[in-house]
1. Any idea how far the Cα center of segment 119-188 sits from the one of segment 326-390, in Å?
2. Mean residue ellipticity at 222 nm from the helices of the chain, using -39,500 (n - 2.57) per DSSP H segment of n ≥ 4 over the full residue count, to the nearest 500 deg cm²/dmol?
3. Starting from 0.36 nm per residue, how many nanometres of slack lie between Asp323 and Glu302 once their C-alpha separation is accounted for?
4. At what distance in angstrom do the alpha carbon centres of segment 14-74 and segment 247-286 lie from each other?
5. Mind sorting out which of (1) 150; (2) 469; (3) 165 is the real volume of the Cα convex hull per residue in Å³ computed from the coordinates?
6. Return the FRET efficiency for the residue pair Arg67, Asn87: r is the Cβ-Cβ distance, R0 is 22 Å, and the value is rounded to the nearest 0.05.
7. For Arg252, which sequence-distant residues (separation of 5 or more, or a different chain) have an amide H within less than 5 Å of its own amide H, given hydrogens modelled in the peptide plane?
8. For labels at Asp396 and Thr100 in the simple 7 Å Cα→Cβ model, what's the distance in nm?
Amino acid sequence: MITMKERNDRTVDQNNKKKSIMVISFCVPYDNVGHAGGKTHNFYLKKMNEVPGFKVNLISFGVEADREKLDLKKYGIGSRIFFISGNKPEKIRRGIRNLTTKYNPFDKRGNMLPKYYEDCVISELKRIKSRGHIPDIFVLEWTQMVFLAGRIKSLFPKAKIVASEHDVSYLGFLRKYEYAESDRDRKKFFRFYKNIKREELEALKYCDIICPHNKKDEKLLIEDGIPAGKIHSIVPYFDDYSRIIRKPLKNRIMFYGAMARPENYLSAIWFIRHVMPALKKDGVEFVIVGSNPPDLLELEAEKYNETAENSKITVTGFVPEVDEYFSTSMFLAAPLVLGAGIKVKIIEAMSAGIPVLTNDIGIEGIDAENGRDYIRCISPGDYIHAIRKILEGETDIQALSGNAGKFIKDNFNLEESAEKYMNLLGEL
């Protein structure tokens with residue numbers, strides 16, 4: 001027979017029991033990780049780990065270069081990291097396992113989730129289940145891991161599932177379809193778009209909470225049938241450059257981003273081909289800042305510089321600190337031709353008070369006002385007209401700069417977002 005004291009002791013133990021959270025992600029996080037999605041993942045993972053009532057573990061993937069950068073033990077976060085080795089025999093084995101997913105043009109998930117990744121996650125979850133570890137909550141980072149929500153639910157039917165949707169992936173593939181030039185690419189990307197949309201929305205049905213990283217994606221998911229009550233958007237991590245003291249050079253135009261990504265280098269090339277020819281005599285410098293620029297972009301810059309009269313294009317490659325360019329650039333041009341989700345580089349530029357010229361893809365998820373917080377440009381003529389007004393002093397750059405910085409300060413509060421997110425997890 002259980003005594004009153006024993007019953008009370010059990011109640012105290014249950015009330016004090018930590019909530020077990022298993023985070024599953026496509027890319028391993030660590031402090032100073034180089035990509036925007038990884039920074040957001042790292043920020044919220046470390047915030048979860050600070051909550052006294054949470055016990056956080058991580059399953060993720062990395063490359064060998066990540067191994068020495070990992071800091072999970074330092075923070076007391078348990079982890080199982082699968083490192084993708086460049087070892088030839090291992091590459092062959094992975095390639096064979098991925099034949100039906102990564103290399104299949106008719107893959108239902110658009111080649112986004114290699115079979116190797118799925119097998120690693122599921123085998124690890126089966127292993128921890130066999131040892132009696134039943135997480136209370138699963139947090140799935142990126143669409144690739146969200147795809148596994150149904151399989152996770154079948155293994156752990158009582159667990160709650162949270163989807164951290166860095167972007168709505170099917171929207172990105174719709175943009176690739178719209179941008180594609182060849183019939184072959186258009187057919188491929190449209191097929192991927194339809195398949196991924198079906199799979200992504202189906203996976204989200206298994207999730208108890210869905211956290212898109214901007215309000216625009218929240219609205220899109222609701223329009224596509226996801227119940228509004230499940231959706232709670234969070235603020236993506238960004239480096240706050242409000243400390244920057246602006247000393248703009250009248251002739252400097254900046255482009256900023258990881259230049260290995262097609263959505264960045266293709267956008268920079270678009271600007272070179274469609275806008276820069278009209279500025280050859282204006283003495284402007286178009287500075288393209290970002291790591292790993294492809295040869296195609298370098299060649300476009302060289303071709304322009306050979307024919308330009310007073311203007312020039314500079315491709316910096318990797319720079320350790322972007323502060324100098326945020327300080328000295330008159331404005332940032334972001335004519336994005338691809339991409340989905342919120343663009344962290346736009347948030348960062350606006351936080352520094354840099355006037356931003358961008359299109360609907362660049363500003364989506366950022367509810368800024370055209371003409372007050374940024375300048376909306378769609379066609380080459382829009383950019384040329386806006387640039388000429390800036391160069392000729394007809395645009396109040398100081399007002400635009402101040403408004404941009406204030407908008408970010410008022411609407412992108414990371415600490416407030418983290419607090420709301422932790423409360424959501426605590427209430428599950």
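The values are calculated or read from the model by the stated rules, or taken from the named source; none is laboratory data. No experiment lies behind these values; they were computed from the predicted model shown. Counting neighbours? That spans all protein chains shown, and the Cβs are built from the backbone with ideal geometry, glycine included. Remember, those area values only see protein heavy atoms, side chains included, never the ligands or the DNA or RNA. Shrake-Rupley method; radii C 1.70, N 1.55, O 1.52, S 1.80 Å.
1. Between the Cα centres of segment 119-188 and segment 326-390 lies a distance of 31 Å.
2. On the way: 18 runs with 197 residues, N = 428.
Result for the chain: -14000 deg cm²/dmol, rounded to the nearest 500.
3. Values: separation 21, 0.36 × 21 = 7.56 nm, distance 2.56 nm.
So the chain would gain 5.0 nm between Asp323 and Glu302.
4. Distance between centres, Cα-based: 36 Å.
5. Of the listed options (1) 150; (2) 469; (3) 165, (3) comes from this structure.
6. Numbers: r = 14 Å, r/R0 = 0.63.
For Arg67 and Asn87, the calculated efficiency is 0.95.
7. The answer is Glu285, Met330.
8. Going by the 7 Å Cα→Cβ label model, 6.3 nm.
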